[in-house]
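Down below is the structure, laid out as structure tokens.
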Amino acid sequence: MLCLGVESSCDETALALVEDGRLLHSVLATQADMHALFGGVVPELASREHYRYIGSLFDALMRRSGKRPSDIDLVAVARGPGLLGSLLVGVAFAKGLALGLGVRLLGVNHLHAHLLAVGLEHPLDFPALGLLVSGGHTHLYRMEAPWKCVTLGRTLDDAAGEAFDKVGKVLGLAYPGGRLMDALAREGKADGIAFPRPYLDNDNLDFSFSGLKTAASSYIQQALQPATWPRPLCSVDDAPQALKDCCAAFNAAVVDTLCVKTQRALDRNPQLSTVVLAGGVACNSLLRQRIADMMESRGGRALFPSPHLCTDNAAMIAYAGWLIGKEGYFHTLQMETIPRGRTVPDDMLCG
Ligand code: KG4
Ligand code: ZN
């Protein structure tokens, strides 16, 4: 089965082909540089860029993969959550293509697709614990099947990546700051600054990062002088030691918090012996190391996708579409697009 995946939920326009569980080819146009000028994603500009590039990306995918549109058996599309205007570009494209080709359409939950992507590189057995940490989401899931991921916990306010990016902004780092903060943290000492480990003193699996973000921002304004280094700061070489130490302390606080709740989720779900890490923050080197160590000490497995599969991409949509579609699930052209803030409904048909 040849599945086309379409991704346009935020600021990457991406298309990919997965055949019988194997990635054939993928194409991606990122808008990161444009949004960096504004310090964050501008929704209206994002949807315009998707609209501008999606057609030519599809032509490029067909040309480079050596496939023809008539070879496609299933069109899978990220239906949400995400920016509504951006999602609608991909969903309208996918619906039109499925209708024109006379093939099935399948709307994929963008968040679940992040977690399933690891199956492109490693054998993925169910059930597993999924930790999704991205710019927009921080979720713990019990992954029971490709079409069934049960939410165990989620952030109540900022996502982990959002906290990185907002603190990065206060530090004067180029947007989005998470990756550079990770690199700076590797050269810093974490133990000099006691940032809080937020929202641990409770009995649940939810997260809250806004207090930590505020604590870090106040510390930076009081104790550091961000104006004394080049802005935007783009490289580790231009950074003073105090900045590296601050990043190390902040990074450690975020990672500790994520690990405590992951450990708690495993303790409460003893049938889960695999942890899948996904989303942009899954590229974080300390987080990977700590989750790997945790699973080694528990005698379980930690699965991490390669960095290009952690951030937004269409290979994950095509792969999730293939996994779910081969079981007979599909949507009609009435399928709704689900913006951020609403839960993606479980309304697939089967047959
Ligand atoms: O999954 P993603 O591409 O987009 C969303 O769907 O949100 O994740 C992007 C997020 C950004 O917040 C970025 O700063 C963060 O992932 N990020 C990192 C690292 N690499 C990317 N955060 C911490 N450490 C990293 N190495
Ligand atoms: Zn994403």
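Assorted remarks:
- Note that segment 1-64 shows a convex hull volume over its alpha carbon atoms of 82 Å³ per residue.
- A simple rule links phi to the HN-Hα coupling: the Karplus curve 6.51 cos²θ - 1.76 cosθ + 1.60 with θ = phi - 60°, which for segment 274-281 gives 10, 10, 9, 9, 8, x, x, 6 Hz, with x for Gly and Pro.
- Loop-located GluC sites (Glu not before Pro) in segment 243-351 whose Cβ has at most 14 other Cβ within 10 Å (DSSP): Glu327, Glu336
- With a cut-off of 12 Å between beta carbons, the residues surrounding Gly39 carry a summed charge of +2, where Lys and Arg count +1 and Asp and Glu -1.
- Pairs of lysine residues in segment 127-304 that meet both criteria, 8 or more places apart or on different chains and Cα atoms under 25 Å apart, total 13.
- Sulfur and carbon atoms: percent of accessible area, the chain [1.4 Å]: 52 percent
- Once C-alpha pairs closer than 8 Å and six or more residues apart are averaged by separation and normalised to the residue number of the chain, the relative contact order reads 25 percent.
- Average accessible surface for the chain: 42 Å² per residue, computed with a 1.4 Å probe over protein heavy atoms with every protein chain in place.
- In a DSSP loop and with at most 16 other Cβ atoms within 10 Å, the chymotrypsin sites (Phe, Trp or Tyr not before Pro) in segment 1-102 are Phe38.
- 20 Å binning of all Cα-Cα separations within the chain, expressed as whole percents from 0 upward: 31, 56, 13, 0
- For segment 328-336, backbone phi angles converted through the Karplus equation (6.51, -1.76, 1.60; θ = phi - 60°) give residue-by-residue couplings of x, 7, 7, 10, 8, 5, 7, 3, 7 Hz, Gly and Pro being listed as x.
- Stretchable slack from Ala145 to Leu99, in nm (0.36 nm times residue separation minus alpha-carbon distance): 13.7 nm
- Computed about the Cα centre, the dipole magnitude for the chain is approximately 180 debye when only Lys and Arg (+1) and Asp and Glu (-1) carry charge, each at its Cβ.
- Legend: calculated FRET efficiency, Thr214 to Arg340, from the Cβ-Cβ distance at R0 = 25 Å, rounded to 0.05, equals 0.65.
- Debye log10 I(q)/I(0) at q = 0.13, 0.14, 0.31 Å⁻¹ for segment 69-115, Cα point scatterers: -0.29, -0.33, -1.08
- Table column - 3J(HN,Hα) (Hz), segment 3-12, Karplus curve with 6.51, -1.76, 1.60, x for Gly and Pro: 10, 8, x, 10, 10, 8, 6, 9, 10, 10
- Charge dipole (Cα centre; +1 on Lys/Arg Cβ, -1 on Asp/Glu Cβ; no other charges) of segment 127-304 amounts to roughly 280 debye.
- In this structure the amide hydrogen of Leu152, modeled in the peptide plane, comes within under 5 Å of the amide hydrogens of Leu140, Tyr141, Arg142, none closer than 5 places in sequence on its chain.
- Kirkwood Rh (inverse of mean 1/r, distinct Cα pairs), segment 127-304, angstrom: 16.5 Å
- In this structure the amide hydrogen of Ser208, modeled in the peptide plane, comes within under 5 Å of the amide hydrogens of Leu156, none closer than 5 places in sequence on its chain.
- Added length on full extension, which subtracts the Cα-Cα distance from 0.36 nm per residue, Arg298 to Asn202: 32.2 nm
- Gain on full stretching of the segment that runs from Asp59 to Glu327 - 0.36 nm per residue minus C-alpha separation: 93.6 nm
- Residue range of the chain that is longest and free of trypsin sites (Lys or Arg not before Pro) which are both DSSP loop and sparsely packed (at most 14 other C-beta within 10 Å): 1-185
- Calculated mean residue ellipticity at 222 nm for the chain: -13000 deg cm²/dmol, from DSSP H runs with n ≥ 4 weighted as -39500 (n - 2.57), summed, divided by the residue count and rounded to 500.
- Once the Cβ-Cβ distance of Val260 and Glu44 is raised to the sixth power relative to R0 = 45 Å, the FRET efficiency obtained is 0.70.
The values are calculated or read from the model by the stated rules, or taken from the named source; none is laboratory data. These figures come from a predicted structure and were not determined experimentally. Methodologically, a virtual Cβ is constructed for each residue, glycine included, from the backbone with ideal geometry; neighbour enumeration extends over all protein chains shown. For accessibility, only protein heavy atoms count, side chains too; no ligands or nucleic acids. Shrake-Rupley method; radii C 1.70, N 1.55, O 1.52, S 1.80 Å.
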